[in-house]
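This report refers to the structure that appears directly beneath it.
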């Protein structure tokens with residue numbers, strides 16, 4: 001029976017359920033080709049789950065977003081369950097109870113374990129289907145023939161990690177063939193496989209004895225680790241991984257807080273719950289502007305949909321009157337079409353500040369801790385906005401001193 005779980009698995013498959021996006025990858029033991037696609041056009045899809053009234057899966061990812069926003073009537077939305085950003089429910093759970101509850105977009109509660117189980121089971125089935133369509137094996141794959149890897153944030157507590165293990169088992173994963181891997185550890189493996197170290201005008205892979213720090217800046221969390229490369233591709237941990245809640249969703253929350261201060265909490269909540277399609281359009285618009293924002297951006301134009309009109313209806317005053325008495329009067333201006341708002345470069349930077357500060361704080365801590373042993377040779381950032389938020393045109397070099405180099409490893 002031991003050979004059943006100790007022999008080399010024909011397939012290794014990894015699942016990354018992120019705060020904002022989800023994706024997977026797998027490879028066959030007989031070759032080095034890595035397959036990664038959730039559908040024919042995208043490597044990752046939004047981490048959104050749409051459930052029927054009986055709590056069975058109706059749609060996942062972009063399909064869930066489109067069905068919930070554009071297809072379903074208001075009555076249908078009330079009877080269904082729609083979850084997004086639910087991974088953050090395990091950041092700091094209020095209790096150690098595995099039956100922790102999470103709320104969907106309309107405030108309806110459901111067991112978090114059930115939501116995670118459904119998401120994991122869906123991704124598992126997608127991978128099995130993908131393997132089958134590639135016709136690599138003559139016979140169907142069995143669960144025990146696949147080594148499953150599920151990534152989790154380094155900053156998660158033991159409770160959260162055990163919760164994910166329990167969710168995986170509930171979703172049908174074989175416990176002996178399923179490993180939880182810290183997200184920065186997975187990023188570290190990716191970095192070691194790349195030719196990224198500059199040697200004169202050439203690039204090469206990291207060599208034995210190279211010490212490096214890697215920061216995985218995700219949608220919800222930032223996770224940082226420090227390694228030294230040993231022989232045969234092995235690594236040793238220089239410091240314990242660390243992290244914080246400081247990913248891209250923190251920027252979103254800062255933007256929403258800004259809108260609440262500008263238009264009032266009651267008006268913003270009315271817009272969020274009463275104009276859901278326009279609210280989701282606002283989310284997408286800000287996500288796009290956030291991902292392209294840089295130091296050289298002069299102004300950012302945000303489509304507020306019906307928020308301005310709703311404010312004028314409720315408060316019986318124009319936006320110009322509102323801005324005159326607002327603390328933000330000199331930071332924003334409204335377009336004459338009464339749907340768009342202009343944000344200055346300085347105002348946009350303020351939305352990034354909380355996340356930026358969390359990254360700098362954690363980076364400083366691990367750099368200083370590493371110096372007590374032997375200083376790292378390089379620093380690597382893995383995320384869609386690594387330099388926009390962590391470096392911002394040389395910010396890292398200004399704030400954290402030391403003979404290190406910084407490199408970006410793109411992962412959207």
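Just so it is clear, none of the values below were taken in a lab; they were calculated from the coordinates. Note that this is a predicted model, so its numbers are computed, not measured. Cβ sites come from the backbone with ideal geometry, for glycine too, and all protein chains shown count toward neighbours.
Cβ neighbours within 10 Å, averaged per peptide: list 374-380, 56-62 in order, most packed at the top. Write down the numbers at each step before the final one.
Values: 374-380: 19.3, 56-62: 17.7.
The densest-packed peptide leads the list: 374-380, 56-62.
Arrange the peptides 172-181, 288-297, 63-72, 118-127 so that the one whose residues have, on average, the most other Cβ atoms within 10 Å appears first.
Values: 172-181: 15.3, 288-297: 13.5, 63-72: 16.8, 118-127: 20.3.
By packing density, highest mean first, the sequence is 118-127, 63-72, 172-181, 288-297.
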Report summary line: Contour minus Cα-Cα span, residue 314 to residue 166, at 0.36 nm per residue, comes to 48.5 nm
Report task. Please work out how much length the chain gains when fully extended from residue 30 to residue 257, using 0.36 nm per residue of separation minus the C-alpha to C-alpha distance, in nm with one decimal. Result -> 76.6 nm
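For the stretch 3-184, rounded, prolate or oblate, judged on the Cα gyration tensor with a ≥ b ≥ c (square roots of eigenvalues), a/c < 1.5 rounded, else prolate if a/b > b/c?
Because a/c hits 1.5 or more and a/b fails to exceed b/c, the stretch 3-184 counts as oblate.
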Requested in this report: Evaluate the distance, in nm, between pseudo-label points positioned 7 Å from the Cα of residue 375 and of residue 336 along their respective Cα→Cβ axes.
Outcome: 5.8
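Need the full-extension length gain, residue 43 to residue 74, defined as separation in residues times 0.36 nm minus the C-alpha distance. One decimal, nm. If you can, show how the numbers build up before the last one.
On the way: separation 31, 0.36 × 31 = 11.16 nm, distance 3.10 nm.
Here the answer is 8.1 nm.
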Report task. Among DSSP beta bridges lying fully in the stretch 3-184, give the percent that are antiparallel, nearest 5. Result -> 70
Report summary line: Check: C-alpha center the stretch 226-273 vs C-alpha center the stretch 288-332, spacing in Å is 24
Query - Separation in nanometres of the label points that stand 7 Å from Cα toward Cβ, at residue 175 and residue 237 - result: 2.2
Requested in this report: Give me 240, 84 ranked fewest to most by other Cβ atoms within 10 Å of their Cβ, as a rough exposure proxy.
Outcome: 240, 84
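Could you state, as a whole-number percent, how many of the C-alpha pairs of the stretch 259-345 are farther apart than 19 Å?
Numbers: 1411 of 3741 pairs.
Summing the P(r) of the stretch 259-345 above 19 Å gives 38 percent of all pairs.
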Report summary line: Quick note on 134, 165, ordering by fewest other C-beta atoms within 10 Å, gives 134, 165
